[in-house]
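Visitor: One structure is given below, represented as structure tokens, and several questions about it will come after.
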Amino acid sequence: MGVSVGVLDHFNIRTRKLADTVRFYEDVLGLEKGARPNFAFPGAWMYSEGKPVVHLVDISPTDEAQKPDSGCVHHVAFVSRGFEAMKQRLQSKGMRFEARQVPGGDLWQIFVHDPNGVMIELNYEAAKESAISAPAEATDDIGTKVV
């Protein structure tokens, strides 16, 4: 039997901006705030398709210092659908983002940052998206070529 890491279960963000972060994942990415165990510390769980994929921990009440190595997380990726609709959603929210096509054309991507600076990578299978939505090359949030 082969080894498999599997699919992303969840990622955890420790933040001093809980309300802003919840709002970003709800309003910008379309996740839903949902049930969370009654932990002894404040936070929120954000759901996608019924699964809690983003766990948020509010560190502001504890005055906990950010761990010096927590900047190691570069980005978190989601398998997504609705490439064109997400671009329109991000534009309507005034969010800066980058849309690009992976060389070879099989994968389209959108990159956007949450309020904590975490880069979110949204991946779209080109075969499942509308051909008119294809990004010809890397662009910014208003369609300008990114060099």
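The values are calculated or read from the model by the stated rules, or taken from the named source; none is laboratory data. Here the structure is a predicted model, which means the values were calculated and not measured. Here Cβ is always computed from backbone atoms with ideal geometry, including for glycine, and neighbour counts include all displayed protein chains.
Visitor: Restricting to the stretch 84-116, and then to whatever is among the hydrophobic types (A, V, I, L, M, F, W, C) and under 21 Å from PHE11 (Cβ atoms), can you tell me which residue is farthest from the chain's Cα centre (by Cα)?
Guide: LEU107
Visitor: Could you give me the residue pairs with C-beta distances under 8 Å whose first residue belongs to the stretch 60-78 and is under 20 Å from LEU8 (Cβ atoms) and at pLDDT below 80, whose second residue is not in a helix (DSSP H, G or I) and not β-branched (Val, Ile, Thr) wherever it lies, and which are 6+ apart or on separate chains?
Guide: Final answer for the pair search is SER70/ARG14; VAL73/PHE11; HIS74/MET119.
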